[in-house]
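Beneath this line is the structure, given in structure tokens, with notes to follow.
Derivation of every value follows stated rules applied to the coordinates shown; laboratory data play no part. Bear in mind that the values here come from a model prediction, so they are computed numbers and not experimental data. So basically every Cβ, Gly included, is an ideal-geometry build from the backbone, and we count neighbours across all protein chains shown.
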Amino acid sequence: MKNFFKLASVAIITLFTSCNSSAQQKNDYSAQIDSLIKNINPRTFNGVVLIQQNGKEKYAKAFGNVDFNKKKPLKTTDKFSTMSIAKQITATLILQEVEKGTIDLHVPIRKYLPDFKYSWADSITVHHLLNHTSGLYSDDLKPNLKLKTGTEFSYSNVGYSVAGLVLEKQSGKSYKELVTALFKKCKMNDSFYPNETNSKFLVKGHTIRKDGSFKLNEKSGFDTSYYFGSHLIVTAPDLAKWNECLHNGKLLKPETYKLMTNYSTTATHQLFGKNPIGYGYGLRINDKADINEIGHTGFHPGEGFTAVNLYYPKTKTSVIVMENVANENFDIAYYFEQEIRKIVMDSKLLN
């Protein structure tokens, strides 16, 4: 009988230890991310990972180099291109004008750009531009319609360039002035509207070719007309500050923020899985999953940057991944971003 109780006690202790160890392992997202980053297949990671919750850093590490040729190590405070994460910044500035009454989301943009030479200005609204239902695409820098306006989602960088023209016209200020003031309000002291001086501090972008070789991009090739939706200079910690400002009522009134995060169109993106999720104004809205998720991606192989900015409202958690590499093989372009997202979502951090 004594042996029975002794064996039973050992079994209980073993079971408890095993369960406890399993729980610790599940919640040890830091160790899991560290382990993930060591992978060299299907590709290597070169960038910054930052996780912040309620204004406190939970994970902040840099891996790899600023410049593959010079082998200078990256820092968590290094400056990256936002790529398409810039769209939510432009959308916010436009919505601030909506609050002032200078922009109506649902009137044709001809009202704001009366001399615009394109006939589609008579039917496309700012709403269509912000949620990618304008049907616009760029052909040799000339915006044309490829779909009937308002019928379906079709991602359009040029649509944000047009929205930016409306923003500047109706605010009476340049995008540079507006972005600079917005970043100052959010205390994003290490982030900028790109110019010749501050662009020197931008880490070098690297295009990873399909054969595994790379091309170093000495500077951005974007024209300023694309900054509205494709290129601002930020650090990962500053992007977390941006999330705190945007999603906690510091930039928009509650009813305006609701406009931004509601959606009337859906689309798929490989980072968020196979199912379509909502697209608001410069934000993807994943409100059908167990954990409500708001975010956006950024990617441009020609520029050599990949970026992901995710926010989880319930726990006020930001997950930010910024790489100064972009892989021409799109199937693996977001590999680390997808895996980091899975690790965080499977941990206790978001409960």
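A few points about this structure:
- Put in line by how crowded their Cβ is, counting other Cβ atoms within 10 Å and starting with the fewest, H296, H231 read H296, H231.
- Overall, the chain carries a charge dipole of about 840 debye about its Cα centre when +1 sits on the Cβ of Lys and Arg and -1 on the Cβ of Asp and Glu, all other atoms neutral.
- Compared with the dominant principal axis of the Cα atoms in the chain, helix 86-100 is inclined by about 60°.
- Residues in segment 78-102 reached by a label modelled at E255 [backbone nitrogen below 20 Å; 7 Å Cα→Cβ]: 92-102
- The DSSP beta bridges internal to segment 41-346 are antiparallel in roughly 95% of cases.
- Ranking of T102, T197, T261, T133 by count of other Cβ atoms within 10 Å, fewest first: T197, T102, T261, T133
- Helix 2-27 and the longest principal axis of the C-alpha atoms of the chain enclose an angle of approximately 20°.
- Inter-part distance, segment 115-179 to segment 184-205, computed on C-alpha centroids, equals 25 Å.
- Computed log₁₀ I(q)/I(0) - Debye formula, equal Cα scatterers, no solvent, segment 122-193, q 0.15, 0.18, 0.24 Å⁻¹: -0.59, -0.75, -0.98
- Protection proxy ranking of 147-158, 232-243 - average other beta-carbon atoms within 10 Å, highest first: 232-243, 147-158
- Hydrodynamic radius (Kirkwood) for segment 33-124, which is based on Cα pairs only, to one decimal in Å: 17.6
- Relative contact order computed over segment 38-124 (Cα-Cα under 8 Å; 6+ residues apart), in percent: 15
- The three principal axes of the C-alpha atoms in segment 41-346 carry coordinate ranges of 51, 42, 37 Å, sorted with the longest axis first.
- Note on the chain: dipole from Cβ charges, positive end direction compared against N217, T235, T90; the farthest Cα belongs to T235.
- Residues E293, E244, E196 in ascending order of nearby Cβ atoms (within 10 Å, fewest first): E196, E244, E293.
- Legend: residue pairs K79/K184; K58/K258; K87/K184, Cα-Cα distance threshold 21 Å; pairs beyond threshold, K58/K258.
- Given K38/K274; K210/K342; K210/K288, the pairs whose alpha carbons are separated by over 32 Å: K210/K288
- Rh (Kirkwood; distinct C-alpha pairs) - segment 179-230, Å: 13.1
- Note on segment 23-121: with charges restricted to the Cβ of Lys and Arg (+1) and Asp and Glu (-1), its dipole about the Cα centre is near 380 debye.
- Positive-pole candidate from G273, N286, T315, dipole of segment 265-351, charges at beta carbon: T315
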